[in-house]
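What follows is one structure encoded as structure tokens, with my remarks underneath.
Laboratory data are not the source of any read-out in this text; all were calculated from the coordinates shown. Source: prediction; values computed, not measured. Ideal geometry is used to build each Cβ from the backbone, glycine not excepted, and the neighbour counts take in all protein chains shown.
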Amino acid sequence: MTVPLPPIVTAEEWQAARDRLLAKEKAATRALDALAAERRRLPMVRFRADTTFTGPGGAVRLPDLFEGRRQLVVYQMMDRGPDAYCSGCAAVIDNVGHQAHLHARDTTFAVVSDMPYAQLRQYWQRMGWTIPVYSSRGGDFSLECGAGKGFALSVFLRDGTQVYRTYVTTARGVDRLRLDFNLLDLTPFGRQETWEDSPEGWPQTEPYTWWRLHDEYEQRPQ
């Protein structure tokens, strides 16, 4: 099937259209800056510092996940049983870059899941991830951090041995942080999912159906 292309115009017409969109992009950036400023002013709530997890060295408590830093961002990954993994959660982790830049701002990123730690260790080896990971199996952390049986991104602040919860987001609030989605949003075809407002005839599939673990995609010539 032939896919329709965007209109072809002169360079001057393209620049005019781009300038109109740029004005809207700048307004959206200013709105996001204002949201970030408001987010920084959210109140905090005390969180149980004695919450325990299983890590590579055995049992650890929540303050240990900070690795000596003051701020902690936790992605709670879904537990889909011993033989299945959430491709969306995997893609989130695939999109996390080198942590040196976070560490330079006194911030640690870690993954927590209700999966048993042995399963997580094998999964990390398969995917080649180096991000710190801990098992919350047997505890209530997933529920208390707002993920329930799903996923969530939580932010914590440590003051000595006391831990405070400052922010949480889930669903689209997490996926907008993915670099792959943000890059696809810049392309003519977008994410190519049916929920998107795209011109008639643009390639689209249902959400989730095309997502894979990164070692499960078909090998195609690049």
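Contact order for the chain, expressed relative to its length and based on alpha carbon pairs under 8 Å spaced 6+ residues apart, stands at 22 percent. Among Y208, Y123, a tally of other beta-carbon atoms within 10 Å of each Cβ gives an order, fewest to most, of Y208, Y123.
Note on A17 and E200: their simple-model spin labels are 1.8 nm apart, each label 7 Å out from Cα toward Cβ. Could you check the simple spin-label distance between T187 and I8, using points 7 Å along Cα→Cβ, in nm with one decimal? About 2.1 nm, to one decimal. Rounded to the nearest whole Hz, the Karplus-based 3J(HN,Hα) values (6.51 cos²θ - 1.76 cosθ + 1.60, θ = phi - 60°) of region 118-126 follow the sequence 4, 5, 4, 4, 5, 4, 4, 5, 4, with x at glycine and proline. With charges only on Cβ, +1 for K and R and -1 for D and E, what is the dipole size of the chain about its Cα centre, in debye, rounded to 20? With only Lys, Arg, Asp and Glu charged at Cβ, the dipole is about 900 debye.
Please give, to one decimal in nm, the separation of the simple spin-label points placed at D50 and T209, each 7 Å out from Cα toward the Cβ. Using points 7 Å along Cα→Cβ, the separation is 5.1 nm.
Here, region 45-171 has an Rg and a Dmax of 13.5, 40 Å when only alpha carbons are counted.
Here the sum of -39500 (n - 2.57) over DSSP H runs of 4 or more residues, divided by the residues of the chain, equals -8500 deg cm²/dmol at 222 nm, to the nearest 500.
Cβ screening of the chain for cysteine pairs under 4.7 Å finds these without a partner: C145.
Projecting the Cα atoms of A171, G148, Q15 onto the dipole axis of the chain, where Lys and Arg carry +1 and Asp and Glu carry -1 at the beta carbon, places G148 farthest toward the positive end.
Using the alpha-carbon centroid of each, what span in Å lies between region 193-220 and region 131-185? Value for the Cα centre distance between the two parts: 25 Å.
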